[in-house]
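The values are calculated or read from the model by the stated rules, or taken from the named source; none is laboratory data. Here the structure is a predicted model, which means the values were calculated and not measured. With ideal geometry, Cβ positions are generated from the backbone for all residues, glycine too; neighbour counts draw on all protein chains shown. For accessibility, only protein heavy atoms count, side chains too; no ligands or nucleic acids. Shrake-Rupley method; radii C 1.70, N 1.55, O 1.52, S 1.80 Å.
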Amino acid sequence: MEQVIYRKQSNSVYHCHYHIVIVTKYRKKIFNAGVYGFFKKRLGEIHEHYPQIEFIEQNHDKDHIHLLVSIPPKMSVGSVVRIIKSNTARDLKKTYPFLKKCYFGTESVWSDGYFVSTVGINEAVIQRYIEHQGREDMGQAWLELK
């Protein structure tokens, strides 16, 4: 049985998960275990500076990254992608000199665009939640998926 975790801020309660795919510039196959490990470490540092951005799951192929990210409603997905791209590109090029050769004349290792899709709660859970309004505890922060 899965549970949906709602996050709280001073003025909102939310569950905003996004599937984000970021592609390398020119689809160059730059990710191996070492480069990806370094990238994951940088994601941890981004979370330390922006604790409201939570990286729930990450994975990669040789030329792109998949992320499952919780982003608060006060931040746009585009601004979070910009934070990820700018912080990781700079450090990746500094740490791995071969990337300077691959991307000579450009600051980034990332393609200009990105893919994003929302990841929501299934409709049956929302319907059940609405049906049970008034019978649930006030301040409830968990929904059970059945």
* Those residues that are among the hydroxyl-bearing types (S, T, Y) and part of a loop (DSSP other than H, G, I, E, B), I need them from segment 67-108; list them, please. => S76, Y96, Y103, T106, S108
* Structure fact -> Of the residues in segment 11-25, those that are among the aromatic types (F, W, Y) and in contact (Cβ under 8 Å) with a residue 60 or more places away in the chain come to Y18
* To do: Would you check if R42 is over 30 Å from V125 (Cβ atoms) and either without any contact (Cβ under 8 Å) to a residue 12 or more places away in the chain or not in a helix (DSSP H, G or I) (or both)?
  => no
* Does segment 120-131 include one or more residues that are modelled with pLDDT of 75 or more, assigned to a loop (DSSP other than H, G, I, E, B), surrounded by 16 or more Cβ atoms within 10 Å (Cβ to Cβ) and not basic (K, R)? -> no
* P72 vs. criteria open to solvent by 70 Å² or more (accessible area, probe 1.4 Å) and modelled with pLDDT of 95 or more -> no
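Taking segment 54-68 as the region of interest, how many residues are acidic (D, E) and open to solvent by 70 Å² or more (accessible area, probe 1.4 Å)? Can you show your working first?
As a first pass, look at segment 54-68 and keep what is acidic (D, E): 54, 57, 61, 63.
Cutting the leftovers down to open to solvent by 70 Å² or more (accessible area, probe 1.4 Å) gives us 57, 61.
Residues flagged as acidic (D, E) and open to solvent by 70 Å² or more (accessible area, probe 1.4 Å) within segment 54-68 amount to 2.
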* Structure fact -> Condition set open to solvent by 70 Å² or more (accessible area, probe 1.4 Å) and of a type in the set (F, W, Y), scope segment 25-53, selection modelled with the lowest pLDDT: answer is Y26
* In segment 90-99, is there at least one residue being open to solvent by less than 30 Å² (accessible area, probe 1.4 Å) and within 19 Å of V119 (Cα to Cα)? -> no
* Asked: Is there any pair with a first residue in segment 83-101 that is touching a residue at least 40 places away in the same chain (Cβ under 8 Å) and more than 13 Å from K25 (Cβ to Cβ) and a second that is basic (K, R) and assigned to a helix (DSSP H, G or I) whose Cβ atoms are under 7 Å apart and which are 6 or more apart or on different chains, and what are they?
  -> N87/R42; D91/R42
